[in-house]
Amino acid sequence: MSISDGEYPDVTLAIIAGGQGRRLSGVPKGLLAVEGRTVVERLLALAPRFGDVLLVANEPGPYAGLGLRTVADEVPGKGAPGGVHAALVAARTPWVLAVACDMPFVQPEAVRVLMDARGEAVDAVCFEVAGRVEPLLAVYRTALATEWGAALAEDPSLRQLLSRYRARLLPEDALRTVDPTLRSLVNVNTPEDLTRHGVTLPRR
């Protein structure tokens, strides 16, 4: 899937589906369903806004029917920083919006806050909520790819990685202004999350 005339033609929407949901009996979390649509399908509703779309998945089989350009981690076993790196390497645009495949409720308004915070002197824009940086609803400059990949050998946290670059950390209030309950940051990792957020397991 490739789109060229969206609101953000210089940005790739990268859906990060690095592994399996071990706490959810190993199901591909992107195929969890909310209101009749899988999480990946819900995220793809954002796709027309972007210049390109990319899926990062180390086990691409479950997503084959979506017709997405798919890549695996370049540096395995590095979690979210590794998934972001794979997207930076594979992107064909100057920026990447990285979104986790288990985030069903990402709001376009939250995306716009990130996009508007970019600038010539900025390499990455992330939300910071309760002292925690949110790596998988964040935008990154693809020029970071080489240095980012080299740094993965040290197993850095995302905060440590970002400290090396010109990162803009947006305060919680910046998100609450457009998403008062922070629903955009909800991710589904456990059986309890399924019940709490009305999410169902994919059909076997």
Residue count, the stretch 158-183, condition over 19 Å from Ala121 (Cα atoms) and in contact (Cβ under 8 Å) with a residue 40 or more places away in the chain, comes to 9
- Restrict the check to the stretch 173-185 and report whether at least one residue is assigned to a loop (DSSP other than H, G, I, E, B) and either surrounded by 15 or more Cβ atoms within 10 Å (Cβ to Cβ) or under 16 Å from the mean Cα position of the chain (by Cα) (or both). yes
Residue count, the stretch 74-102, condition assigned to a helix (DSSP H, G or I), in contact with a helix residue (DSSP H, G or I) (Cβ under 8 Å, 6 or more places away or on another chain) and among the hydrophobic types (A, V, I, L, M, F, W, C), comes to 4
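For every residue, the table says whether it meets (1) out of contact with any Asp or Glu (no Cβ under 8 Å at 6 or more places or on another chain); (2) over 18 Å from Pro104 (Cα atoms); (3) modelled with pLDDT of 90 or more; (4) not in a loop (DSSP other than H, G, I, E, B).
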site	(1), (2), (3), (4)
Val133	yes, yes, yes, yes
Ala145	yes, yes, yes, yes
Ala150	yes, yes, yes, yes
Thr195	yes, no, no, yes
Pro202	yes, no, no, no
All conditions in (1) surrounded by fewer than 21 Cβ atoms within 10 Å (Cβ to Cβ); (2) touching a residue at least 40 places away in the same chain (Cβ under 8 Å); (3) not in a loop (DSSP other than H, G, I, E, B) are true of Glu59 except (3)
Practice problem: Answer yes or no as to whether Phe105 is buried (at least 18 other Cβ atoms within 10 Å of the Cβ) and touching a strand residue (DSSP E or B) at 6+ places or on another chain (Cβ under 6 Å). | Solution: no
Picked from the stretch 152-168 (must be part of a helix (DSSP H, G or I) and of a type in the set (A, V, I, L, M, F, W, C)), the residue surrounded by the most Cβ atoms within 10 Å (Cβ to Cβ) is Leu161
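The values are calculated or read from the model by the stated rules, or taken from the named source; none is laboratory data. Quantities reported herein were computed from a predicted structural model and do not represent experimental measurements. In this analysis, Cβ positions are derived from the backbone assuming ideal geometry, glycine residues included, and neighbour counts consider all displayed protein chains.
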